[in-house]
1. Spin-label point model (7 Å from Cα, Cβ direction): what's the Asn44 to Ala73 distance in nm?
2. Rule-of-thumb check for the range 13-76: C-alpha Rg over 2.2 N^0.38 Å?
Amino acid sequence: MEIQWILEELPACNEHEKMLDIMESEVKAAIRSLKKGKAPGEDNIAAEMIQAGGRCSLEMMHGLCNQISRKNAQRTGTGL
């Protein structure tokens, strides 16, 4: 019975979910590959603005991409 109690106390493992996350290196490569000199989209954010944001832009875009990806996976009931 003691083993059951220990197992119940362990936090749920989300390693599978972490594996499905978009890696920061992927976001960094995507930001680097944005074409310069193009007109901004509907959001009025030019590629140069994202690239000039450095580490801050990278962290924010990485978090945003993963939030969107997880929400889409939950909605469709599938992984990435």
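1. For Asn44 paired with Ala73, the spin-label model returns 3.5 nm.
2. On the way: Rg = 13.6 Å, N = 64, 2.2 N^0.38 = 10.7 Å.
That ratio works out to 1.27.
Just so you know, all these numbers are worked out from the coordinates, no wet-lab data involved. These numbers come from a predicted model, not from an experiment. Please note: Cβ atoms are built from the backbone with ideal geometry, for glycine as well, and neighbour counts cover all protein chains shown.
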